[in-house]
Structures are given as C-alpha cells and as structure tokens.
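These notes are about the structure you will find just below.
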Amino acid sequence: MFYRTTFQDHIRVAPKLFGLPAKEAVTKQIKKKYDGFISKDLGIVVDVSNVNEIREGIIIPGDGAAYYDTTFELITFKPEMQEVVLGKIRDIADFGAFIHMGPIEGMIHVSQAMDDFVSFSKEKVLSGKDSKRTLKVGDRCRARIIAVSFKDVGNPKLGLTMRQEFLGKLEWLEEEKTSPKKSKKEEKEEPEKKEKKKKE
C-alpha cells in the first residue's frame, strides 16, 4: 500500500548547492539521501512529495556544508499481508514467476500461479494442464500478497498467490466475466446427469 509519511531530519546541503534557493537545494539532498531507502517500518521510499518547513541552517566547523532541520513528506510503498496488487510478469523460471509491481518485485511460486497442475516450458511459459491457460513474460496480473520478509532489509522478499477467486492474469478474469466458471459441485454433477439421460 502507498503511504504519505511526514518526516523530520537534519539535511546536509553541500557547498556546491549554496547558489540555489534553500528549498530547491534541500529537496535535491532529501531525494539523494532517501532515494530507494528501504526499512521494515517504512517500506520503500518512492519519492519526496513536499518540503513543509526548513528551519535556519547551521554550519559545522571543519565540514563546510550547511545542515537544515527540515520537515518533509515522503511517498512510500509498504507491502501488507493479504493486499491485492496489480503487476506485470518480468521473468519466469521452472519454480515460478517474478512479478514487477512498480517499486518492488514479488515471486509467485509455480504452485500458486493458477488452480491447476502447472508445467514449465523452455520458452519461459507456465501452462495449466486442464485449463490450458498460459502465463508468460509481459502478462499483466492481479495477485494477493501472502508472505512478506524484511530479513535482508536491502532486498525484501514478497510471496504472492493467484489461486484465489478474482486473481490471475487479467485476460483470465475477463473470460470469467463472460463465461462464469462452474463450481466443483456443478462439474461433478454434469457427468452424472449425462449418465442418467443415457439410462432413460
């Protein structure tokens, strides 16, 4: 989920930026400091949305740079358990698919790609045995986050599923709208009805 978070920090402005207006120089340094910043509590910093307040700067002897006590807003993305996300398949391996969701990537294990037995081909395609559905690089999908790990803070891991209802490749969801999927009970009853008609 995307958040707008207010922060306060002492921002170092290098002497080479002294010719710029204070707000522009401070904004440049905030972006440099926080670009791609990742933490368990904050998530991933996407951008600086606003600089709210810049107090009077101080110069530390021996440094030469100015330090400004600054209040600013950051746009962050923090993945939440059970959150539904949209993304594009970036790569496919025999164990699953990697999905790009803007500021971060997640992995859909082959067992979570669809509600079917799935096989992998050398062309980097996952195929469903019964449904004949395929998943390939570039496909746009809707998935649910089922695992979040910040053990390696610089490289958080996300696990996703597309096996639940209303999840999967967007083309599959469009197909289901036009021809609703039969329930397992209906699928089971259909052969029984055919057998009954034969006997009659």
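Overview of results
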{"read-out": "Extension reserve of the residue 24-residue 157 stretch, reckoned as 0.36 nm per residue once the Cα distance is removed", "value": "44.4 nm"}
{"read-out": "Projected label distance in nm at residue 49 and residue 7, using a 7 Å step from Cα toward the beta-carbon", "value": "1.4"}
{"read-out": "Stretch gain in nm, segment residue 16-residue 83, where the contour uses 0.36 nm per residue and the Cα spacing is subtracted", "value": "19.7 nm"}
{"read-out": "Charge dipole (debye, nearest 20) of the chain; +1 at Cβ of Lys and Arg, -1 at Cβ of Asp and Glu", "value": "740"}
{"read-out": "Counting DSSP beta bridges with both ends in region 91-178, the antiparallel % (nearest 5)", "value": "90"}
{"read-out": "Long pairs among 33/88; 31/78; 88/129; 33/157; 28/157; 16/40, criterion Cα-Cα beyond 25 Å", "value": "33/88; 28/157; 16/40"}
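None of the figures in this text is laboratory data; all of them are computed from the coordinates on show. Note that the coordinates shown come from a computational prediction; the quantities given were computed from them, not determined experimentally. Because the Cβ atoms are built from the backbone with ideal geometry, glycine has one as well, and the counts that use them run over all protein chains shown.
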